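Written below as C-alpha cells is the structure these notes are about.
The values are calculated or read from the model by the stated rules, or taken from the named source; none is laboratory data. If you're wondering where the values come from, they're calculated on a predicted model, not measured in any experiment. Here Cβ is always computed from backbone atoms with ideal geometry, including for glycine, and neighbour counts include all displayed protein chains. Surface areas here come from the heavy atoms of the whole protein model, side chains and all, with no ligands, DNA or RNA. Shrake-Rupley method; radii C 1.70, N 1.55, O 1.52, S 1.80 Å.
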Amino acid sequence: MLSLQETYAPHNACFGCGPSNDKGLHLRSFPKGDEVGGEVIASWTPAPYHEAFPGVLNGGIIGTLLDCHSNWTAAYHLMQKTKQTKPPCTVTAEYSIKLLRPTPTDTSLELVAKVVESTETSAIIEAKLMAHNKICATCTGRFIAVQPGHPAYHRW
C-alpha cells in the first residue's frame, strides 16, 4: 500500500518524509479510515545513527517525525474537506513538541495524528509518538496551505 507521501508527492525531497530523499527518514503516513478529520498513522524504525546517546532517539529526529506526520495529516484533511483530488501544499506555521520520556530506539515507533480544528486553508493537528505502547512525545501545530508565490507552492 502506498503512503500519502508516495501517492501524492513521490518526488518530494523533504528530509523527514520525502520519498525521493536518499538520506532522509522516509516517514510513511496512512489515513486510518475514510472519515474527514480521521486519524493518520505511521510506523517508523530508528537506526543507531538516529540516536542522541545509546538507546535513545535524538530530539531533533523526534521533532522532524512529528512535524512531517502532522503536516501530512493537515494536507490530507484539507484535501478531503475541500473535495479535491490532491492535497494542497502545506507548511508548518507553528508547532510545539513535548518530550515526555526518552524515546527508545530498540523498537518500531508509532505515530498517530488527528485534526482538532480547521478552516478551508489551515488545520490544527495534535500528534503523539509512542514506543512500547507508551507516549514518548506529543505535538500540537498549525499547518497552512500555501498560495502561489510561496516557495513551497507546487512542491508536490
> Given a Förster radius of 22 Å and the C-beta distance between residue 84 and residue 138 as r, what FRET efficiency does 1/(1 + (r/R0)^6) yield to the nearest 0.05?
Replying inline: 0.15
> DSSP loop trypsin sites (Lys or Arg not before Pro) in the range 1-99 with at most 11 other Cβ atoms within 10 Å of their Cβ, which ones?
Replying inline: 23, 83
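Quick check for me: using +1 on Lys/Arg Cβ and -1 on Asp/Glu Cβ, what's the dipole size of the chain about its Cα centre, in debye to the nearest 20?
Details: 13 positive and 13 negative charges, 18 e Å.
Dipole size: approximately 80 debye.
If each residue of separation counts as 0.36 nm, what is the full-extension length gain between residue 106 and residue 15 once their alpha-carbon separation is subtracted?
Length difference between fully extended and current span is 30.6 nm.
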> Which loop-located GluC sites (Glu not before Pro) does the range 47-122 contain, where loop means any DSSP state but H, G, I, E or B and the Cβ has at most 13 other Cβ atoms within 10 Å?
Replying inline: 120
> Per residue, how many Å² of accessible area does the range 1-90 show with a 1.4 Å probe?
Replying inline: 48
>> Based on alpha-carbon atoms only, what is the radius of gyration of the chain relative to the globular estimate 2.2 N^0.38 Å?
In response: 0.99
> How would you rank 123-130, 59-66, 70-77, 100-107, highest first, on the average number of other Cβ atoms within 10 Å across their residues?
Replying inline: 70-77, 123-130, 59-66, 100-107
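On the accessible surface of the range 112-156, probed at 1.4 Å, how many percent belong to carbon and sulfur atoms? Kindly include the intermediate steps, with their values, before the conclusion.
Values: 1240 of 2460 Å².
Summing carbon and sulfur atoms, their accessible area is 50 percent of the total for the range 112-156.
Whenever you get a sec, compute what percent of the accessible area on the range 9-84 sits on carbon and sulfur atoms (1.4 Å probe). All intermediate terms of the calculation are to be shown ahead of the outcome.
Details: 1930 of 3550 Å².
Taking all protein chains in place, the range 9-84 shows 54 percent carbon and sulfur surface.
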>> Can you order the peptides 35-44, 9-18 by their average number of other Cβ atoms within 10 Å per residue, highest first?
In response: 9-18, 35-44
>> Using the Kirkwood radius over C-alpha pairs as Rh, can you work out the diffusion coefficient of the range 76-156 via Stokes-Einstein at 37 °C, viscosity 0.692 mPa s, in µm² per second?
In response: 233
>> For a 21 Å ceiling on Cα separation, which of these pairs sit above it: 81/114; 114/134; 81/128; 83/114; 98/128?
In response: 81/128
> Roughly speaking, what is the centre-to-centre gap between the range 6-34 and the range 50-102 when only Cα atoms are used, to the nearest Å?
Replying inline: 11
